[in-house]
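First up is the structure itself, then whatever we jot down about it.
The values are calculated or read from the model by the stated rules, or taken from the named source; none is laboratory data. Predicted model, so just to flag it, every value in this text is computed and none were measured. Heads up, the Cβs are rebuilt from the backbone with ideal geometry, glycines too, and the neighbour counts pull from every protein chain shown.
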Amino acid sequence: MIVRWFKAWSLKRAAKKAVTKTAATKTLRVHLRVFFPTRYKVATMLDNARSMLKPADIEIAEQSYAKVTDGTRLQVVEFKRKSDMDEIKKRENVSDDREVVVYFVNATIDPYNGASTRGSYKPWIIVTTSTSEWTLAHEIGHVLGLDDTKDSTDRLMTAAGTHSITNRPPDLNAYEIETIKKSKLLF
Ligand SMILES: [Zn+2]
């Protein structure tokens, strides 16, 4: 009797497990290119981004990591125009146009903490040394289709810069979570 009950219970459990597994954890694929030493550890910035994406059932898969130490390092300081970035991204060996390349650089002209494409294919992100530890997560938010918000400086997508976040960790609201889940960049 106990055996039969246990069998039924474990079958039920297995079924439940299978359901949660197929229930849509999606993946964002990122390639990391470090042109300039970062103020915060790349691993810390990635962990922060991962914790932000968790409520949306999105994981980050690190596809590749490279420190770039050749002469291009100096040019990177002038990353600015979208067309230049698209050109630089073209040289990357990514297997799918949905994969994001993140460039850690010294600075941009004009000066930003970060910059990124918005919800488009061939996405890229720039994170500069003037960054906060939440800049990468904020730029990933843009890449996945979110806009800046003037609502509150406790929000990840604050237009005031992630330096100004007063109540850590910052928040994504329900609408933002639903929006990023629908991103076409996810695998
Ligand atoms: Zn922004």
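Residues of region 117-131 that are without any contact (Cβ under 8 Å) to a residue 60 or more places away in the chain and over 16 Å from Val34 (Cα atoms): Thr117, Arg118, Ser120, Lys122.
Say we look at region 90-108 and pick out the residues that are closer than 17 Å to Phe36 by Cα and in contact with a Phe, Trp or Tyr (Cβ under 8 Å, 6 or more places away or on another chain); which of these is surrounded by the fewest Cβ atoms within 10 Å (Cβ to Cβ)? Result: Asn106. Pick out the one residue from Ala15, Ala56, Ala8, Ala43 that is out of contact with any helix residue (DSSP H, G or I) (no Cβ under 9 Å at 6 or more places or on another chain) and at pLDDT 95 or above. Within the list Ala15, Ala56, Ala8, Ala43, the selection yields Ala43.
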